[in-house]
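Student: To start, I am sharing the structure in question, which I have written as structure tokens.
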Protein chains: 2
Amino acid sequence: MDKKNDAITSRDVDFAKWYTDVCRKADLMDYYSVKGFIDYLPYSYAIWEEIQAYLNRRFKENGAENVYLPMVIPQSLMAKEKEHVEGFAPECLVATIGGGQTLADPLIIRPTSEIVFSELFKKRISSYRDLPIRYNQWCSVVRWEKTTRPFLRGSEFLWQEGHCLFETEEEARENALAMQQVYNECGRDLLAIPFLTGEKTEHEKFAGAVATYSLEALMHDGKALQSGTSHYLGQGFAKAYGIQFLGRNNALETPHQTSWGVSTRLLGAIIMVHGDDNGLVLPPYVAPIQVVIVPIRQDAEGVLDACKKLNEELKAKGIRVKLDADDNHTPGWKFAQYEMKGVPLRIEIGPRDLAKGQAMLTERVNGEKTLVPLEGLAEKIPGLLHDIHISMYQKAKENLENHITDVSSIEEMNRVLNEKGGFCRMAYCGEAECELAIKAATNGATARCIASRLNEDTTLRCPICGKPAKIVAYFARAY
Amino acid sequence: MDKKNDAITSRDVDFAKWYTDVCRKADLMDYYSVKGFIDYLPYSYAIWEEIQAYLNRRFKENGAENVYLPMVIPQSLMAKEKEHVEGFAPECLVATIGGGQTLADPLIIRPTSEIVFSELFKKRISSYRDLPIRYNQWCSVVRWEKTTRPFLRGSEFLWQEGHCLFETEEEARENALAMQQVYNECGRDLLAIPFLTGEKTEHEKFAGAVATYSLEALMHDGKALQSGTSHYLGQGFAKAYGIQFLGRNNALETPHQTSWGVSTRLLGAIIMVHGDDNGLVLPPYVAPIQVVIVPIRQDAEGVLDACKKLNEELKAKGIRVKLDADDNHTPGWKFAQYEMKGVPLRIEIGPRDLAKGQAMLTERVNGEKTLVPLEGLAEKIPGLLHDIHISMYQKAKENLENHITDVSSIEEMNRVLNEKGGFCRMAYCGEAECELAIKAATNGATARCIASRLNEDTTLRCPICGKPAKIVAYFARAY
């Protein structure tokens, strides 16, 4: 597709610049006067609301209930879970003054809420009959980041965090995996984004977790984006915060905990998976405007009426449609605008079309134009949007599959990542030292998730330390 | 209705204790380890989500779009609007450390976001064609309060805040009044709560506003609760933060601003307007569970099947129904539970009912029991819930109207407030000094809102200072 819009940099010229250009020109966000904080404008927030609606439905099916818990964590409380506090302390925003007085116990603005939920859980369970508990919360969290980028890494971002408590390890692990699967289906069915899913390595897992299950997406520039995580937390938080219950055998037991979340990072994923040199390309089910109707020569008899009729028909079908009859702008100007904003389907109706009883359809994803009969058009749109969704998902899936390369040395990995990017699948020992060596030698590639675990009788060796290989992992340079 | 549940204090014995008892026993909230912060549990959060759904629909009809803006305000930025900062500074939570470093410009956790929106508006308008802008945001805000009470006054609470920008004063005032009306209809159509509506006096208006339009509800104990406000902000923020646009006459102009909000205070209003000595009484359209089905002798043939059938029929009608077939608890225990939780309608089906083809309906609001035919029952439920809503609203409206008393002196006001509470309507000069004198002499009564403005030729005098009366206001002791 030709680049029609000079307002943004080409992806191949400067991908980072292209990304921020799209964020700004598609009116997704604006920068705030404090570094790392952004304004989520209506167009990005509406996408987030579609994600919320989908996930709220799925969480509910999974038995989770929404709650809202405080945004502050006393420093003294945070200190109780050692691994967790070490992981988060360096990036905390800390309030020290309240109502003009210095606070005896400073308050950390939540970077995540495992501790806050643990405090609540402690009070809410006494017997195994009180389990399981499945809570979710939609909120923002604050992490004081040095390098920030809209949606991808910010000092404050929006997310949901699920926090659950179970009687047994089995149930808890099952929950963590089930929620990873919910996120995976959100990618497949809503965002048109395929994920690599797997467990994080010891070195990469969440601070305080026993196991972290991750979802990794491939961006257009060949880098990976961690798009969601689901943690089996074991009993660490429960022990640190004194959560116990009377078990079936009348003895005090410690429950097993999970937490899982996705954030407005998903907006970054949508931009970088689907976007092109003309701007955003939105998957239909998450698009705030799914169909835009642009009248051509709208002063000509019957044109505007035909547009309005179609507009009402589509609205009645629950399609998010916009009729742009603003006569301050030319159709061409509007085309570029809605392409920039990634509207999946454009319908043009002009006097000549009208005379022939037809309309011009243009798909954003590939620019394909089709003349279709106006008669019965509204009935066809839901199916068309579905086809667009499927084709966007397939395209992204093929791209992902074409960017998984088996490698067996650091040099090979580095070469593949330099040449084509994507994920390198490699067997190695699974130790943090070797991951650090890989990172240092490949300009930052990290183990994104485990592809498989090897049997003890494998003859494969770790290409770094030479010890027997234990796991096969996907490595990539990542956001 | 007899008090059947000893778990809570009677309203007439100790209203404040009754209130917190209901909050806890109906499982609406729990206390957090930092004073003034609470956990919003699933049952209260679900009510809030119903309020959100209603208001989101109404805001959208009114042209407002949802956004999300940062939760921090640099202290230096806050200082620019003098009245505003003086109003809020004493109750700010201030972050002074980020990422382990002392912040050069400390960050205030937003107590409200006029400033944050003003910063955005400044960048988004250049011409009158960019106006109006109508934004809304759902978030939590932090105000460091000395005396706190669940839902009514907390250090952190959930709310929505609308922020709009207009070309003219007329449009802005119209918007502020329209949003007050939306809140009023939310009370009438969703919460079954009637409000007194009017403008705040000079002394009581929002810090930084030209005019504050308020909604005041009457609680069961005779005290008023400010339940929502809508502000015409004039040009104060726009001037302080440099928001300008090129007007129709090609000259730089300053826009007119509004802001409007309701908070989880509305949950407190629902509890204190409708609740009784058996606990919560929820208006049907906001109840997370609208109908509970309790089987009697559920082991008897056909009982559970009949309950399940009705359950499915009600679900299919979009009714929020719960079938409680837990056989660890007796029906009597369940009755008390769902009464405590304020479920509007209970349906019992037992073997004897079933034999006669009928079911027992009990309305939460008045305890009335009716035997009804099972045949066609599901069809009748939506109408029944509507009738309950109307009767709850009427009851609250009569109570409000019976508690508005015209008075003409401080002594009379004090006596009326001591004897029956509610609102005292009184003419006075409208000056802050006299409001302070009234407050001091009446154990805290304040002007809640203006009932009417008097003509200059009135012969009425202010009963405090003796000057000509200028306004008639509703006074009340308030939360």
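The values are calculated or read from the model by the stated rules, or taken from the named source; none is laboratory data. Source: prediction; values computed, not measured. Ideal geometry is used to build each Cβ from the backbone, glycine not excepted, and the neighbour counts take in all protein chains shown.
Student: Inspect segment B:441-459 for any residue being touching a residue at least 12 places away in the same chain (Cβ under 8 Å) and assigned to a helix (DSSP H, G or I) and give the result as yes or no.
Tutor: yes
Student: Can I ask one more? Right, B:Leu93: touching a residue at least 60 places away in the same chain (Cβ under 8 Å) and either facing chain A (nearest Cβ under 8 Å) or over 24 Å from the mean Cα position of the chain (by Cα) (or both) or not?
Tutor: It is true that B:Leu93 is touching a residue at least 60 places away in the same chain (Cβ under 8 Å) and either facing chain A (nearest Cβ under 8 Å) or over 24 Å from the mean Cα position of the chain (by Cα) (or both).
Student: Give the residues of segment A:287-319 that are at pLDDT 95 or above, part of a loop (DSSP other than H, G, I, E, B), buried (at least 17 other Cβ atoms within 10 Å of the Cβ) and of a type outside the set (A, V, I, L, M, F, W, C), sorted by residue number.
Tutor: Matches in segment A:287-319: A:Pro288, A:Gln290.
Student: In addition: With respect to A:Ala378, is the statement that it is aliphatic (A, V, I, L, M), surrounded by 20 or more Cβ atoms within 10 Å (Cβ to Cβ), more than 22 Å from A:Gly228 (Cβ to Cβ) and assigned by TED's automatic domain parsing to the domain that holds A:Arg346 true?
Tutor: Answer is yes for this residue.
Student: Regarding B:Glu379, is this residue under 30 Å from B:Asp299 (Cβ atoms), among the acidic types (Asp, Glu) and over 23 Å from the mean Cα position of the chain (by Cα)?
Tutor: yes
Student: Go through segment B:65-79 and count every residue that is crowded, with 16+ Cβ neighbours inside 10 Å and more than 9 Å from chain A (Cβ to nearest Cβ).
Tutor: Selection size over segment B:65-79: 2.
Student: Can you pull out the residues in segment A:304-342 that are within 25 Å of A:Ile8 (Cβ to Cβ) and free of Cβ contacts under 8 Å to residues at least 12 places away in the same chain?
Tutor: A:Asp326, A:Asn328, A:His329, A:Thr330, A:Gly332, A:Trp333, A:Gln337
Student: Among the residues of segment B:126-166, count how many are under 30 Å from B:Ala16 (Cβ atoms) and either of a type outside the set (Val, Ile, Thr) or surrounded by fewer than 23 Cβ atoms within 10 Å (Cβ to Cβ) (or both).
Tutor: 23
Student: Let me ask you something else. Testing A:Glu202 on (1) in a loop (DSSP other than H, G, I, E, B); (2) closer than 21 Å to A:Lys80 by Cα, one condition comes back false. Which one is that?
Tutor: (2)
Student: Let me ask something else. Cβ-Cβ under 8 Å, sequence separation 6+ or interchain: first residue in segment A:343-359 and within 19 Å of A:Gly332 (Cβ to Cβ), partner outside any helix (DSSP H, G or I) and of a type in the set (Asp, Glu). Which pairs?
Tutor: A:Leu345/A:Glu363; A:Pro351/A:Glu301; A:Ala359/A:Glu348
Student: Where in segment A:332-434 are there strands (runs of 3 or more DSSP E), lying wholly inside it, with at least 1 residues that are small (Gly, Ala, Ser)?
Tutor: A:358-363, A:423-428
Student: Please count how many residues of segment B:300-316 are closer than 16 Å to B:Pro373 by Cβ and within 35 Å of the chain's Cα centre (by Cα).
Tutor: Qualifying residue count for the region: 3.
Student: If B:Arg57 meets every condition in (1) crowded, with 16+ Cβ neighbours inside 10 Å; (2) of a type outside the set (Gly, Ala, Ser); (3) without any contact (Cβ under 8 Å) to a residue 12 or more places away in the chain apart from one, which number is that one?
Tutor: (1)
Student: Right, here's the next one. Do you know which of the residues in segment B:60-105 that are in a helix (DSSP H, G or I) and either in contact with a Lys or Arg (Cβ under 8 Å, 6 or more places away or on another chain) or not assigned by TED's automatic domain parsing to the domain that holds B:Ser259 (or both) is farthest from A:Leu93 (Cα to Cα)?
Tutor: Among residues in segment B:60-105 that are in a helix (DSSP H, G or I) and either in contact with a Lys or Arg (Cβ under 8 Å, 6 or more places away or on another chain) or not assigned by TED's automatic domain parsing to the domain that holds B:Ser259 (or both), the one farthest from A:Leu93 (Cα to Cα) is B:Phe88.
Student: Conditions first: (1) in contact with a helix residue (DSSP H, G or I) (Cβ under 6 Å, 6 or more places away or on another chain); (2) under 26 Å from B:Ile270 (Cα atoms); (3) within 14 Å of chain A (Cβ to nearest Cβ); (4) part of a strand (DSSP E or B). B:Cys164 passes all but one, so which condition is the exception?
Tutor: (2)
Student: I'd like the residue in segment A:26-47 that is touching a Gly at 6+ places or on another chain (Cβ under 9 Å) and within 14 Å of chain B (Cβ to nearest Cβ) and, out of all such residues, is surrounded by the most Cβ atoms within 10 Å (Cβ to Cβ).
Tutor: Within segment A:26-47, the match that is surrounded by the most Cβ atoms within 10 Å (Cβ to Cβ) is A:Ile38.
Student: Determine whether segment A:173-195 contains at least one residue that is in contact with a strand residue (DSSP E or B) (Cβ under 7 Å, 6 or more places away or on another chain), surrounded by fewer than 23 Cβ atoms within 10 Å (Cβ to Cβ), part of a strand (DSSP E or B) and modelled with pLDDT of 95 or more.
Tutor: No, segment A:173-195 contains no residue that is in contact with a strand residue (DSSP E or B) (Cβ under 7 Å, 6 or more places away or on another chain), surrounded by fewer than 23 Cβ atoms within 10 Å (Cβ to Cβ), part of a strand (DSSP E or B) and modelled with pLDDT of 95 or more.
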